[in-house]
Amino acid sequence: MKLFYAPGACSMAVHIAMNEVGINYALEKVDLGEKTTESGDNYLDINPKGYVPCVQLDNGEYLTEVATLLQYIADHNPDSNLIPPVGDSGRYRVLEMMNYISTELHKNFGPMFNPASSDEQRQAAQDMVTMRLGLIDQQLANGAYITGEQFTIADAYLTTVLGWTQFVNMDLSPWPNIGAYVGRMMARPAVQATMKAEGLA
C-alpha cells in the first residue's frame, strides 16, 4: 500500500491507523498547492479530487476519502480491534462518531484555514467548532476513548482533527476531558511514529 499524504492533513488519520495495525506501506507526500507528488507526478492523474488522503492498494487501484480508508484498514486487519465486526452494535457507534467528526468538526475547520474566508466566516466556523467540542468533551467523560475503552479508527480521526486547533489558536482548556484525551493520544506509539514521519515532531 502507498499513502499519499500532506503533513498534518486529514490523511494523518489514515497514517495513524496504518501504524496502529503495523502493516507495511509506502508514503508519498503531496504538494496540495501545486498538485504534485514528491516524485514529480501530477497528483490529479492519481486522484482527480486533488486532495488527500489517497491510498494505492496492493492491486494497483486507488481509494480515497478518509472515513472509507479508515474502515478499509480496520476491516482488513480485524485482529487490531480498530472497529467491531459487522452486526456488533459497537460498530455503529464507531461509524456514528466517524460521521460526526467528518461532518461537524472536520468540515467546519475549512473556513478557518481558507485565506479567502472573511473574518465573519472564520468566526462563525470557530463558533460551530466550539459547540461541537463541548459535545466531544461530554462524550469523553464516559471512557478513555471516544466510543469507550477501546481505541478505534474514530480516535485516529479525532486525534488528527483536534490537532488542528493549535494552528487556528483555539484554546482547549475549557474542555478538560479533551485535554486529557489529547495527552493520551500523543503518548501512543502509533501517533508518535506518524508525527515523526510527517515532520511534525
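The values are calculated or read from the model by the stated rules, or taken from the named source; none is laboratory data. Please read these numbers as outputs of a predicted model, since none were measured by experiment. Positions of Cβ are backbone-derived with ideal geometry, glycine not excepted, and every protein chain shown enters the neighbour counts.
Of the residues making up the range 173-199, those that are under 19 Å from Ala9 (Cα atoms) and either surrounded by 12 or more Cβ atoms within 10 Å (Cβ to Cβ) or in contact with a Leu (Cβ under 8 Å, 6 or more places away or on another chain) (or both) are Val182, Met185, Met186, Arg188, Ala190, Val191, Gln192, Ala193, Thr194, Met195, Ala197, Glu198.
Across the range 73-125, the number of residues qualifying as of a type in the set (Gly, Ala, Ser) and touching an Asp or Glu at 6+ places or on another chain (Cβ under 8 Å) comes to 1.
Among Val30, Val66, Val52, which is touching a Leu at 6+ places or on another chain (Cβ under 9 Å), at pLDDT 95 or above, closer than 25 Å to Gly199 by Cα and β-branched (Val, Ile, Thr)?
Step by step, each of Val30, Val66, Val52 is checked, and only Val52 is touching a Leu at 6+ places or on another chain (Cβ under 9 Å), at pLDDT 95 or above, closer than 25 Å to Gly199 by Cα and β-branched (Val, Ile, Thr).
Among the residues of the range 96-154, the ones that are among the hydrophobic types (A, V, I, L, M, F, W, C) and within 22 Å of Glu20 (Cα to Cα) come to 9 in all.
Matching residues to (1) under 21 Å from Ser11 (Cα atoms); (2) free of Cβ contacts under 8 Å to residues at least 12 places away in the same chain; (3) in contact with a Ser or Thr (Cβ under 6 Å, 6 or more places away or on another chain):
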| position | (1), (2), (3) |
| --- | --- |
| Gln126 | no, no, no |
| Arg132 | no, no, no |
| Asp137 | no, no, no |
| Asn142 | no, yes, no |
| Ala156 | yes, no, no |
| Leu162 | yes, no, no |
| Gln166 | yes, yes, no |
| Asp171 | no, yes, no |
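Taken over the range 1-37, the criterion of being at negative phi, among the small types (Gly, Ala, Ser) and surrounded by fewer than 17 Cβ atoms within 10 Å (Cβ to Cβ) is satisfied by Ala26, Gly33.
For (1) without any contact (Cβ under 8 Å) to a residue 40 or more places away in the chain; (2) surrounded by fewer than 17 Cβ atoms within 10 Å (Cβ to Cβ), each residue gets a yes or a no:
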position: Glu61; (1), (2): yes, yes
position: Gln71; (1), (2): no, no
position: Ala74; (1), (2): no, no
position: Asn81; (1), (2): no, yes
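Every listed requirement among (1) of a type in the set (A, V, I, L, M); (2) under 26 Å from Tyr145 (Cβ atoms); (3) in contact with a helix residue (DSSP H, G or I) (Cβ under 6 Å, 6 or more places away or on another chain) is met by Val30 save one, (2). For the range 150-176, filtering for residues that are within 21 Å of Ala190 (Cβ to Cβ) and touching a helix residue (DSSP H, G or I) at 6+ places or on another chain (Cβ under 9 Å) leaves 16.
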